[in-house]
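Student: Here it is: the structure, laid out below.
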Amino acid sequence: MNKDRFSDVFSEISNHLKSADLTVVEGLNHICTVLRKTFAHYDWVGFYFADLEKKRLHLKAFSGNPVEHQEIPFGKGICGQVAETHQNFVVPDVNAQDNYLACNIDVKSEIVIPLFLEGKNIGQIDIDSNKINPFTSKDEKLLEAICTLISKTYSTSLLQL
Ligand code: SME
């Protein structure tokens with residue numbers, strides 16, 4: 001894996017969102033698929049969006065095995081914590097976390113990056129890996145850039161998911 005892979009995948013996603021006539025959910029699913037196929041350490045990729053009044057996250061798009069956590073209350077698990085802290089959460093070893101929701105016993109690590117629209121944390125990208133400690137600052141930068149791209153591309157349509 002090298003630096004070019006990260007910028008290449010960002011360009012590919014950005015061009016596809018501009019050129020293809022996709023619904024928001026189709027666009028999000030496309031991003032999940034491209035990311036999971038590009039990076040060997042991305043075993044499951046999904047987007048959760050928040051119901052800010054009910055304080056719950058809902059899974060809206062993913063690539064990988066189906067998971068039981070379709071809905072997550074704020075504060076629960078890695079995802080629920082990011083809904084409250086509004087900060088990136090990189091977990092090198094999920095077994096070392098007390099507040100963690102397991103999806104699959106093969107998962108060893110996780111990264112969750114919040115997605116902001118007009119300064120509000122409205123959702124997040126969540127990636128599970130079957131490897132221990134695979135995520136670096138390059139993953140964080142790429143995923144932050146993808147979240148910003150999604151926010152700019154889809155804007156307030158993201159609130160109707
Ligand atoms: N592990 C997450 C739950 C979602 S799954 O990874 C898809 C968590 O602790 O919030």
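Values in this text are rule-based calculations from the coordinates and carry no lab data. What you see is a predicted model, and the numbers here were worked out from it, not measured in a lab. Don't worry about glycine lacking a Cβ; one is built from the backbone with ideal geometry, like all the others, and counts go over all protein chains shown.
Student: Taking 0.36 nm per residue of sequence separation and subtracting the Cα-Cα distance, how much length would be gained by fully extending the chain between GLU12 and ASN133, in nm to one decimal? Mind showing how you got there, number by number?
Tutor: Working: separation 121, 0.36 × 121 = 43.56 nm, distance 2.63 nm.
Contour length minus Cα-Cα distance gives 40.9 nm.
Student: Under a point spin-label approximation (7 Å from Cα along Cα-to-Cβ), what is the GLU144-ASP4 distance to one decimal in nm?
Tutor: For the pair GLU144/ASP4, the computed spacing is 2.5 nm.
Student: Pull up the cross-link candidates among the aspartates and glutamates for LYS131, meaning alpha carbon to alpha carbon under 12 Å and not fewer than 8 places away within one chain.
Tutor: Candidates past the 8-residue exclusion: ASP43, ASP93, ASP106, GLU110.
Student: Using a simple spin-label model with points 7 Å from Cα along the Cα→Cβ vector, what separation in nm is obtained for THR23 and HIS58?
Tutor: According to this spin-label approximation, the distance is 1.3 nm.
Student: Looking at the chain from every direction and averaging, what is the projected area of its Cα convex hull in nm²?
Tutor: Working: hull surface 34.4 nm².
With the hull built on Cα positions only, its mean projection is 8.6 nm².
Student: Amide H to amide H, which residues 5 or more places from ILE125 or on other chains are under 5 Å from it, using H placed in the peptide plane?
Tutor: ILE113, LEU115
Student: Additional query: What is the gain in length, in nm to one decimal, between THR153 and HIS86 on full extension, counting 0.36 nm per residue of separation less the C-alpha to C-alpha distance?
Tutor: Values: separation 67, 0.36 × 67 = 24.12 nm, distance 2.08 nm.
Gain on stretching THR153 to HIS86: 22.0 nm.
Student: Taking springs between alpha-carbon atoms closer than 10 angstrom, which of ASP43, ASP106, ASP139 fluctuates most in the Gaussian network model of the chain?
Tutor: Looking only at ASP43, ASP106, ASP139, the largest GNM fluctuation is found for ASP106.
Student: If you average the C-alpha positions of the range 1-55 and of the range 97-120 separately, how far apart do those two centres end up, in angstrom?
Tutor: Their Cα centres are 16 Å away from one another.
Student: Taking the mean number of other Cβ atoms within 10 Å as a proxy for protection, how do you rank 58-65, 142-149, 86-93 from highest to lowest? All intermediate terms of the calculation are to be shown ahead of the outcome.
Tutor: Details: 58-65: 17.1, 142-149: 18.8, 86-93: 15.2.
Ranking the peptides 58-65, 142-149, 86-93 by packing returns 142-149, 58-65, 86-93.
Student: Treating cross-link reach as a plain straight distance, find the lysines whose alpha-carbon is under 20 Å from the alpha-carbon of LYS55, omitting any fewer than eight places away in the same chain.
Tutor: The qualifying lysines are LYS76, LYS120.
Student: Shifting gears a bit: If you average the sequence gap of Cα pairs under 8 Å that are 6 or more apart and divide by the length of the chain, what percent do you get for the contact order? Could you put the intermediate results ahead of the total?
Tutor: Details: 279 pairs, mean separation 35.3, N = 161.
Value for the chain: 22 percent.
Student: Take the chain, connect every pair of alpha-carbon atoms lying under 10 Å apart with a spring to form a Gaussian network, then pick out the residue of SER137, SER14, SER109 with the largest mean-square fluctuation.
Tutor: Result for the chain, Cα springs under 10 Å: SER137 fluctuates most.
Student: Which residues' amide hydrogens lie under 5 Å from the amide hydrogen of TRP44, considering only partners 5 or more residues apart or on another chain, with H built in the peptide plane?
Tutor: For TRP44, whose amide H was placed from the backbone, the distant partners under 5 Å are ASP128.
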